[in-house]
1. Work out how much length HIS367 to ARG294 would gain on full extension: take 0.36 nm times their residue separation and subtract the Cα-Cα distance, in nm to one decimal.
2. Could you calculate the contour length gain from VAL188 to ARG112, that is, 0.36 nm times the residue separation minus the distance between their Cα atoms, to one decimal place in nm?
3. Please give the FRET efficiency for ARG266 paired with ASP48, using the beta carbon to beta carbon distance and R0 = 22 Å, rounded to the nearest 0.05.
4. Would you mind listing how long region 256-343 runs along its three principal axes, going by Cα atoms, in whole Å with the largest first?
5. Could you check the simple spin-label distance between LEU457 and ARG282, using points 7 Å along Cα→Cβ, in nm with one decimal?
6. Over region 259-363, calculate the relative contact order: mean separation of alpha carbon pairs under 8 Å at least 6 apart, over the residue count, as a percent.
7. With the crude spin-label approximation of a point 7 Å out along Cα→Cβ, what separation in nm comes out for SER97 versus ALA201?
8. Between ARG234 and ALA302, what is the label-to-label distance in nm when each label sits 7 Å out along the Cα-to-Cβ direction?
Amino acid sequence: MTTAVTDIQETSVKPSGGRVVVLWDGGVVSRTLPPEGSLVVGRSTSCDLQVDHKGVSRRHLRVSWGHRGASDERHLTVEDLGSSNGSKLRGASLAGSTSVPLAFGDVVEVGREVILVVQGPGVPRLGVAARAPEPDQETPDVAPPLDPPEGVVAESPTMRAVFRQAHLVARGDIPVLICGETGTGKEVLADAIHRASSRAARPLVKFNCAAVPEALVESELFGHVRGAFSGAERDRDGLFIAADGGTLMLDEVGELSPAVQAKLLRALDAREVMRVGETRPRPVDVRVLSATHRGLEQMVTAGAFRQDLWFRINGFRLDLPPLRARPEDIDPLLKLFLAEAEARLTDAARVALHRHRWPGNVRELHHVCARARLLAGDGPVSTDHLQLTGARPHDDPRVSSPAPGAADTSLGGDLRELERQRIVDALAATGGNQTQAARRLGMPRRTFVSRLDAYGLPRPRKGRRGAT
């Protein structure tokens, strides 16, 4: 059974410009949204957006844009037209011939190797930086593959999908919003996007919005002139000017104050900055990559983050999964962080590492491994050397019930508990879809179902909807 998206809340938008952009490894096509109507995406020459890729059906999907009722508000929807390889929105498959609400910035996976994004109003259009964005359709030069940087592990399907999308978006100038928990590698992903872009020869400048006192943020970003405030003893260019021609990464962008948000929006809209104490603006050519661990959509609703700025920086969103959602990457990371000591890792220690919830994600795992190597010396790396702290899966009352049968404190019992927890996590990650969960774990569906019965896990009810 395929999980279908049918209950996503619809997002209304004011009538203004927008574009549908389809990207694949080798090309990109785009079209302006019509005042009202729809665009069909597919491989056929009769489609509104023709995508020359073998994974795309002749008529793959339809994006519609029009009025809702008597108001002048408009809404977006997407519908899979019975394609062979399917379409996914927010990780869940689209049900055939069902219109699903779509929001600006949403990423639709068309088959397995093509992505579609709807750019909202005020978002620079996607294209190669060196090209004039005049034609309504373009096929830029093929960018080099965006492989994970050295020292970055991306064996899991979720991480491979992130880097595949990053590879496609790196070639353009569209702003990118990188979301993820602390320690998931947002800065590393920004590095990779910059190196794969047409701006790679120019600077990549990074600014942590949470690490500088609010009174100094404006000066850091835009610069100041001598005497603009107490302590300004000389003229100083800000980070926007330092990044001119290149990329500016705004880490923890959700920490900016409302006053700085307004000035940042103006700089992005006008493509110019004004140093503190100066009256003449300076033009800048900067691509902005923003990163946050906070829910900006919720902040917009609460009035803590400007909606127009959110539209501006959220041209394309990349979500980095937490380490607990990518268990396939733990063993490769252990090989990387423990090096030769990985061969001395005891079975019990390995089980403990897999069972840990990793609230600090990859950064926490790196520190744990470094400490364990130091404490173990030349001997075996045991659980005592790991010194793990924080929540574990069995601390969660939703998954705390043991498997049927007597308690088993042997290594075999630990391994069974590890497998049981991996099954629970896979079901949670796929919204209860047993087929997808089995595929995620690399086991046949029949075997997966037998494991559910063996561990006393209830089989999710058929027809569960809206999983992401």
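1. Net length gain for the segment: 23.9 nm.
2. 24.9 nm
3. 0.05
4. Sorted largest first, the three principal extents are 63, 30, 21 Å.
5. 5.7
6. 21
7. Result for the modelled spin labels: 5.4 nm.
8. Computed distance between label sites ARG234 and ALA302 equals 4.2 nm.
The values are calculated or read from the model by the stated rules, or taken from the named source; none is laboratory data. Note that the structure is predicted; figures quoted are calculated from it, not measured. No Cβ is skipped: glycine too gets one built from the backbone with ideal geometry, and neighbour counts run over all protein chains shown. With ligands, DNA and RNA removed, areas are computed over all heavy atoms of the protein, side chains included. Shrake-Rupley method; radii C 1.70, N 1.55, O 1.52, S 1.80 Å.
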